[in-house]
């Protein structure tokens, strides 16, 4: 195929396979005269692209001398010869910000007249495409170092839009998408931070029996209660591999709980005949109580919609109570995190039901619980809404990276 599946109107010319060296050339410009300082040192991030090192990482990691650092102009292309988990042969980005300097470990390249430089970063944003390009060119040395010269890094084949005009139009589209993604990510993160702040202020700190912020009309001390006196516990399903089927009763596991919500991820279904536990109900809170990763213990989610033919797995515990929205928020607090740390098994990553029931929390009267629960339900819904929009935009970008390139 010599042209992409999706293309702007008016462009019909075939996309030719050419060497990357036909579009960019190595730069030899160094910071010999000291025009740039430590404040101008740039780093390259897989997610954020070219960034100022101090602004992004909070400090400089530059060597004692930066005289031999390469100058990276705006619209220059940079190749980091450092392996990342998803990009084991390094990453290729375009500098969209201010001119600065980068370590000698980076390859720096100037664009030629036939290239709109932004298209290089967009082309290589798809990890599979980047890895397939670099894999045949890179040799790995001791301690996983990448052995490749700046010139050799340009000897792979690419297919770019044949005209600068088409490159610019594609780049403009992805620039708009990236701005929208950044906007929704900021809104999501801002709401998450508001929730964190209110969890600190609307629940009592350790050693206290009243929160800092309360609804008008509530002044009394909160009462210390054991969780076992506040909620009803129910257990998960134990099943065997031979019970697993392609379509049956859904078993919720840790993979189905993410950021306080139930998601479809690595779903497991079992035959109805082996199910001997109760179906989850709206208002149930499902909690991870056993897992290979200690960090996942206590991860939880509120069941917000009817889920027929759905149970929890044996490494989960379910909670039922009168005001689940408040209890769910209670499990989001640092106090719950501390209770987990106190009760977590020394050798097995688990919280037993007995230990769970004995955990103590300060709680207000039910009318105050309802008001607090409503506030955090609203925040959770806003966070979920921003996450849905974010995921939708990310999926659109992923599809366009596939369809708008050859």
Go through segment 97-153 and report how many residues are within 14 Å of residue 76 (Cα to Cα), surrounded by fewer than 20 Cβ atoms within 10 Å (Cβ to Cβ) and within 26 Å of the chain's Cα centre (by Cα).
1
Does residue 189 satisfy the condition of being modelled with pLDDT under 95 and either exposed (fewer than 15 other Cβ atoms within 10 Å of the Cβ) or outside any helix (DSSP H, G or I) (or both)?
no
Test: residue 195 is over 18 Å from residue 48 (Cβ atoms), surrounded by 14 or more Cβ atoms within 10 Å (Cβ to Cβ) and at pLDDT 95 or above:
yes
Return yes when residue 396 is in contact (Cβ under 8 Å) with a residue 12 or more places away in the chain, touching a helix residue (DSSP H, G or I) at 6+ places or on another chain (Cβ under 8 Å), buried (at least 18 other Cβ atoms within 10 Å of the Cβ) and in a helix (DSSP H, G or I) and no when it is not.
no
Tell me the residue from 270, 280, 251, 287 that is crowded, with 17+ Cβ neighbours inside 10 Å, farther than 19 Å from residue 325 by Cβ and either out of contact with any helix residue (DSSP H, G or I) (no Cβ under 8 Å at 6 or more places or on another chain) or touching a residue at least 40 places away in the same chain (Cβ under 8 Å) (or both), please.
251
Tell me, yes or no, whether segment 40-47 has at least one residue that is closer than 20 Å to residue 131 by Cβ, in the same structural domain as residue 154 (by TED's automatic domain parsing), outside any strand (DSSP E or B) and modelled with pLDDT of 95 or more.
no
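Residue-by-condition table, conditions (1) within 34 Å of the chain's Cα centre (by Cα); (2) farther than 17 Å from residue 99 by Cα; (3) not assigned by TED's automatic domain parsing to the domain that holds residue 114:
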| site | (1), (2), (3) |
| --- | --- |
| 8 | yes, yes, yes |
| 11 | no, yes, yes |
| 61 | yes, yes, no |
| 65 | no, yes, no |
Looking at (1) modelled with pLDDT of 95 or more; (2) under 22 Å from residue 331 (Cα atoms); (3) within 33 Å of the chain's Cα centre (by Cα), which is the only condition residue 244 fails?
(2)
Note on segment 68-86: residues out of contact with any strand residue (DSSP E or B) (no Cβ under 7 Å at 6 or more places or on another chain) and more than 15 Å from residue 42 (Cβ to Cβ) are 85, 86
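The values are calculated or read from the model by the stated rules, or taken from the named source; none is laboratory data. Everything numeric in this text was worked out from a predicted model, so none of it was measured. Backbone-built Cβ (ideal geometry, glycine too); neighbour counts: all protein chains shown.
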